[in-house]
Amino acid sequence: MIDEHKARLRALGELESVRAEIQGLAETLEQVTLWRPAAGMGKACEEALVMLDRLAERFDRKLVVTLVGPSGSGKSTLLNALSGVDNLSLTGHRRPTTQNVVAFCRQTADAGQLVEALGEETIQIKTSAAARDLEHVILIDTPDTDSTHQERHIPIIHKAIGLSDVLICVFDGENPKRRDHTDFLTPYVRLFSGPSLVVAVNKCDRLAEEELTETIMPEFDRYIRDAWSVKPAAVLCLSARSHLRHPAWDPEAGPKHARDQFDRLHHLIRDTFNASGYSVDRRLKNARSIRDYLKQAVGEEAGKERRHL
Ligand SMILES: Nc1nc2c(ncn2[C@@H]2O[C@H](COP(=O)(O)OP(=O)(O)O)[C@@H](O)[C@H]2O)c(=O)[nH]1
Ligand SMILES: [Mg+2]
């Protein structure tokens, strides 16, 4: 207990020093207003500072694990499969289905900070028996990024990601490399360290098994590492719908095979993310990633335009 307390204090101290470094960077940028990239970089620093402040505020709170991805990729179905309640989050083809953030946790009070930050009208809190063993984790589902309601949704997603510690990025297995979605996620992904990112290629039941394992998954793994320049905690193929209580397959569109890695995701959430003390460690690592990313970005711009300075 004392060790845990000490580790937390040490981590908070380091978080403070990471904050001071970014603050210093922001102040330097303010002094070079004639340098063209300074405004954009300064804004990025400001956003990072807000994110770090939120991170410090929730240092002792539960780890927020967030499902993000394009509309129809199966985020809500995945939340339902993970929670063991088929209608926990609304799913389907009619758009938009998920209009608010849906938080799955042990007790309503666990999500208090999320409610405060997002506003009561944009978050629904759900609990179920399956959340009993989620002692240290809150799972959240986000609205569609690309439906007709995206003007309302994108600020909500932006805020939700800012309150998250781990992102589970869900892709549609039938078309995983849709550029707009990788591009949408890229700026966010930079704010997380590799082990805080999980890539889930869903609907793999729609693909031929051999092609999935021999070609699609290895290719997508390389594609993501190139696009995001990080090694995620895991790149998994899933069939979220197969893990619903009642998948209710359409007789003409049943699964082509039974291979997927849902159990690995389940294990990652229940055992790794849910381990006591994990959240403090993860938050600190995410804070370092934000700092390193900003320093690198400023350094690269400065390298490109040294003569302007
Ligand atoms: N074949 C198949 N369909 C799925 C899977 N996961 C979700 N779906 C279907 O895809 C549609 C969109 O799912 P939904 O969870 O609402 O996607 P969201 O917009 O990302 O939340 C629904 O009709 C789901 O039944 C899956 O693993 N396999
Ligand atoms: Mg949804």
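Relative to the longest principal axis of the Cα atoms of the chain, the long axis of helix 38-57 makes an angle of roughly 60 degrees. Neighbour counts of other Cβ atoms within 10 Å put 216, 290, 140 in the fewest-to-most order 216, 290, 140. Of the trypsin sites (Lys or Arg not before Pro) found in the stretch 273-309, those that fall in a DSSP loop while having at most 11 other beta-carbon atoms within 10 Å are 306, 307. Pairs of Lys residues in the chain that lie 8 or more places apart, or on two chains, and have C-alpha atoms under 23 angstrom apart add up to 27.
Among the cysteines of the chain, those with no neighbouring cysteine Cβ under 4.7 Å are 45, 105, 169. Whole Å is fine, so just give me how far the alpha carbon centre of the stretch 1-62 lies from that of the stretch 138-189. One Cα centre to the other: 24 Å. Round to the nearest 10 and give me the degree value, 0 to 90, for the angle of helix 179-189's Cα axis relative to the longest principal axis of the chain. Roughly 50 degrees, rounded to the nearest 10.
Considering only Cα atoms, the convex hull volume of the chain works out to 137 Å³ per residue.
Suppose R0 equals 25 Å; then what is the FRET efficiency for residue 132 and residue 264 from their Cβ-Cβ distance, rounded to the nearest 0.05? The partial results should precede the final answer.
On the way: r = 21 Å, r/R0 = 0.85.
Between residue 132 and residue 264 the formula returns 0.75.
Within the stretch 232-301, the GluC sites (Glu not before Pro) that combine a DSSP coil assignment with at most 11 other C-beta atoms in a 10 angstrom radius are 252. Residue 134 sits among other residues whose Cβ lies under 10 Å from its own Cβ, and their net charge, with Lys and Arg +1 and Asp and Glu -1, is +1. Relative to the longest principal axis of the Cα atoms of the chain, the long axis of helix 217-228 makes an angle of roughly 20 degrees. Packing around the peptides 39-46, 59-66, 237-244, taken as the average count of other Cβ atoms within 10 Å per residue, puts them in this order, highest first: 237-244, 59-66, 39-46.
When Lys and Arg each count +1 and Asp and Glu each count -1, what net charge do the other residues less than 11 Å away from residue 200, Cβ to Cβ, add up to?
Numbers: positive: 75, 203, 264; negative: 172, 260.
Summing Lys/Arg as +1 and Asp/Glu as -1 gives +1.
Just so you know, all these numbers are worked out from the coordinates, no wet-lab data involved. Small disclaimer: the values here were computed from a predicted structure and weren't measured. A quick note on method: Cβ atoms are made from the backbone with ideal geometry, for glycine too, and the neighbour counts reach across all protein chains shown.
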